[in-house]
Every structure is written in C-alpha cells, then in structure tokens.
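Below is one structure, written out as structure tokens, with a few remarks after it.
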Amino acid sequence: AIVRKLSAVETLGSASVICSDKTGTMTENQMTVKQVYLNHETIQVSGEGYDIKGSFHQNGTKVNDPNLASMLLYGALCNHATLDKKKGKWFIEGDPTEGALLVAARKAHITHEEVTKYRILHEVPFDSERKRMSVVVEDDDGNRFVVTKGAPDVLLPRSPFISDNGIRRPLRARDQNKIDQAINQMAEQALRTIAICVKSISKDQPLEDLKLEKDLTFVGITGIIDPPRKEVKDAIAECNQAGIKTVMITGDHAKTAHAIAKQLELLPENGKVIEGYQLNHMTEEQLSDIIEDVYVFARVTPEHKLKIVKAFQRKGHVVAMTGDGVNDAPAIKASDIGISMGYSGTDVAKEASSLVLLDDNFATIKAAIHEGRNIYENIRKFIRYLLASNVGEILVMLFAMLLALPLPLVPVQILWVNLVTDFLLWLSE
C-alpha cells in the first residue's frame, strides 16, 4: 500500500467504515465459466482457472450441441481479451470476464483462427451504466449480425425473441419465468451471470444506429465463478474486531453478492442488501436512516458510490472508499480515505486517491489501517512525552524567575537535555 498523502496516515487510524469493491478486491478476479443456460437447459462446465482443458456435460453425459458452439462463438466475438500460454501455463490479457468467455470457447474447440474469420465492423463499448457491450460482425458471405453481451436484467427487456434450438421465435412469459429461475439459481451459487444476444442486420443499416441493441434474440446465459480471496475472510473478521464495518459494493446480481458476502461472513443475520434501483428512489435522508444496517450494495453505478459515502459521513463515520475507474473518482475524492487500485486502476482514480493498493487486495487495506493506527498511536505517545518533558523544563525556568533565583539551566544544558531525551525518539518516528 502506497500512501500518497501524508494526512491519510492519521485518517487511516480513524477509519470506521470500509466500502470495498467486490470483484478483484474481495475476490480473485480470475473468472471461470461453470454453467451455461441454453434452450431452457443448464449445462455444467468442467475445468479450473484459465486452463482450456474442460468439457460440457449434462447429467453425466457429454454435450456436443452446435447451438452451444454458436453461443460460445458469440461470446468470443464480443470480446477484447487474449489468451496466451507461457511456461506451460495459460493466462489472460484483458478483462477477466471476457477471458472466461474466451476460455469456454476454447474448451468447445473454437480456435483463434475460427474467431478471426469474422470481421468486427463496429463496436458499442461496455460501461458501468449501460452494463452491456455490442459488436457488429460480418462473416465471409457478407452477412452481418450484432452480438450483445451484458447483464441479463438489462438485455432481456431488449430481447422480444429467443433462440430455441437455433430457431428464432417470440419470447413468451413462460420463457421469461424459466430464464429468471435459471438466473436466480446461478446467483445463489455465487455465479456472475452474463447474457448473450444476437440480431441479424442488413448491409444498408447504419452502424451508428441507436437501434442496434433493440429487438435482440436471446441466446443464453453463462454462469461465471469468481472465488473469494482466501485471506479476505480473516481480514474482515479482524476489521470487525477492531470496530470497522466492511461494506461490499458490486455491480453484480444481488443474489450473487449475497452469496459471496455469506461466504466471507461479511453479512450478519440482520444485515441488508440494497440494489441500485432502490438507491435511485431513496432521498439522502432515507438512505441515512438505514445505512447502518446495510452491508451489501448490488447493481450499483459509480454515481451511487458518492451517495453511499455521503450517507455514512452524515452518520459520523470516517469512510474508506475503493475504486478503479474514471467514474469512481468523485466518490474516492469525497471519502475520508480514497483508495485506488494499483494494478487495475486508472490514472484518474489514482490521482484522486490518498492510498494506492498495488495488489488490489482487501487484506492490504486492513494491513494499511493497522499500520496507520500504530503510526497514529506512536505520534500521540511522542507528543505526550514531549509535552511532559518540555513543560517540566518550562516550569523550572518559570518558578526560578518568579522567585528571583538564578537560572537553574543555561541554554546549553537545555539543548543537551533535549538532545539526550528526544533524539532517539525522533529517529524512531
């Protein structure tokens, strides 16, 4: 942990609330696709990490479905990550969620050469407010189609159609119910859910058309696991013992966040989980009334972070807030201790922060607060010592003057006393 502002050392020792991102800070940020929901069936995916060894199976039977291959190809096309192998180990460059989709495609034997046969003509990039990303793709025959991936609750309202065994038909209410049930089941297993949708377009349709992400055809959902960091559970427990409340902030589904919080023992029995849409309908006073009981904020945007910081501060808390993106900068700046990510954080977030985590790890925040408390306590002890010793010298000189006595200490003696009694302490500080 690098302290960018010296005043943050004292504030670190006074922290009473840590508002931390989930992904990458409390979790490993090494995503792996574990389930695929397709054609109203859930398919299990074997394999760990970024290793491309793995298979797709259902009820113990290996699945070899062309519709599954198409869905995984779409996930690889709407993707910026790259998969490389060094010293016998696979690793991802780019976003870990996109990396997980790319690894899943490799497990289905979809090679890099197959993906690069398609041309990406246009991209609508992902951001935390849209919660989706789209690309316009053209195949060798000149056919164009849109691939969109993102949060299921964002894409489903934009998808009036569903792909049923490769056949496009209207998405009905019973389809919606089955999809919602699958999403909830995945979320309860602490899986992050990513929906994949497609749409065919004509060559004369403008690539900048705002309607590209409308009238989509729902294809399926991937359930991605991001395991908690092993050391975070103990770090949260130590923070609780030290009187510091830990709050999880994430853009994931509420049930996914709830499951991770339970695994980390962050969420007590009476603890509340609040979603972003609820924050939108709350006034600052309403949020302040319940903020003490909230331990998890799900489906939030960077703008919500600022609202959360101010609510805790109104309750008299000293708040530490983590962030890595450009949009996180206002919340980082407004918090008492702004914490940015050294590995994944943007320069804007780092400039706004007073503390930088080089390893993006929640346990490092706990360690930094521990050091901050030690330093703050040492400074207090040193100041008390200086006051006690120097006040003694002042009183001796003052009483001597009041009683018209000769000066008991000459300047050289005072300097010598200070040198002997204070020099080593100054060095230690």
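The values are calculated or read from the model by the stated rules, or taken from the named source; none is laboratory data. What you see is a predicted model, and the numbers here were worked out from it, not measured in a lab. Using ideal geometry, Cβ is built from the backbone for each residue, glycine included, and neighbour counts are taken over all protein chains shown. Each accessible area value is taken on the protein alone, full model and side chains, heavy atoms only, with ligands, DNA and RNA left out. Shrake-Rupley method; radii C 1.70, N 1.55, O 1.52, S 1.80 Å.
Restricting to the range 12-56, and then to whatever is among the acidic types (Asp, Glu) and touching a residue at least 60 places away in the same chain (Cβ under 8 Å), can you tell me which residue is most open to solvent (accessible area, probe 1.4 Å)?
Result: 28.
Out of all the residues in the range 351-368, which are open to solvent by 50 Å² or more (accessible area, probe 1.4 Å) and either of a type in the set (S, T, N, Q) or free of Cβ contacts under 8 Å to residues at least 24 places away in the same chain (or both)?
Residues satisfying the conditions are 351, 359.
Filter the helices (runs of 4 or more DSSP H) completely within the range 222-315 down to those with at least 3 residues that are farther than 27 Å from residue 101 by Cβ and open to solvent by less than 40 Å² (accessible area, probe 1.4 Å).
In the range 222-315, the matching helices (runs of 4 or more DSSP H) lie at 232-241, 284-290, 302-314.
Does the range 108-124 contain any residue that is β-branched (Val, Ile, Thr) and exposed (fewer than 13 other Cβ atoms within 10 Å of the Cβ)?
yes
Any residue in the range 392-408 that is in contact (Cβ under 8 Å) with a residue 12 or more places away in the chain, open to solvent by 100 Å² or more (accessible area, probe 1.4 Å) and not basic (Lys, Arg)?
The answer is no, given that none of the residues of the range 392-408 is in contact (Cβ under 8 Å) with a residue 12 or more places away in the chain, open to solvent by 100 Å² or more (accessible area, probe 1.4 Å) and not basic (Lys, Arg).
Quick check on my filter: what residues within the range 119-150 are over 32 Å from the mean Cα position of the chain (by Cα) and either touching a residue at least 24 places away in the same chain (Cβ under 8 Å) or under 30 Å from residue 303 (Cβ atoms) (or both)?
Within the range 119-150, 142, 143, 144 qualify.
I'm told residue 217 meets every condition in (1) open to solvent by 60 Å² or more (accessible area, probe 1.4 Å); (2) more than 18 Å from the chain's Cα centre (by Cα) except one. Can you identify the failing condition by its number?
(1)
Tell me which residues, restricted to the range 141-181, are in a helix (DSSP H, G or I) and in contact with a helix residue (DSSP H, G or I) (Cβ under 9 Å, 6 or more places away or on another chain).
152, 153, 155, 156, 158, 176, 179, 180
As an exercise: evaluate residue 344 against (1) closer than 22 Å to residue 6 by Cβ; (2) of a type in the set (S, T, N, Q); (3) open to solvent by 10 Å² or more (accessible area, probe 1.4 Å) and give the number of the one condition it does not meet.
(1)
Restrict the check to the range 69-88 and report whether at least one residue is of a type in the set (Asp, Glu) and surrounded by 15 or more Cβ atoms within 10 Å (Cβ to Cβ).
Among the residues of the range 69-88, not one is of a type in the set (Asp, Glu) and surrounded by 15 or more Cβ atoms within 10 Å (Cβ to Cβ), which makes the answer no.
Specify the residue that is modelled with the lowest pLDDT; the eligible residues are those in the range 27-66 that are among the hydrophobic types (A, V, I, L, M, F, W, C) and more than 23 Å from residue 81 (Cα to Cα).
Top of the filtered list is 63.
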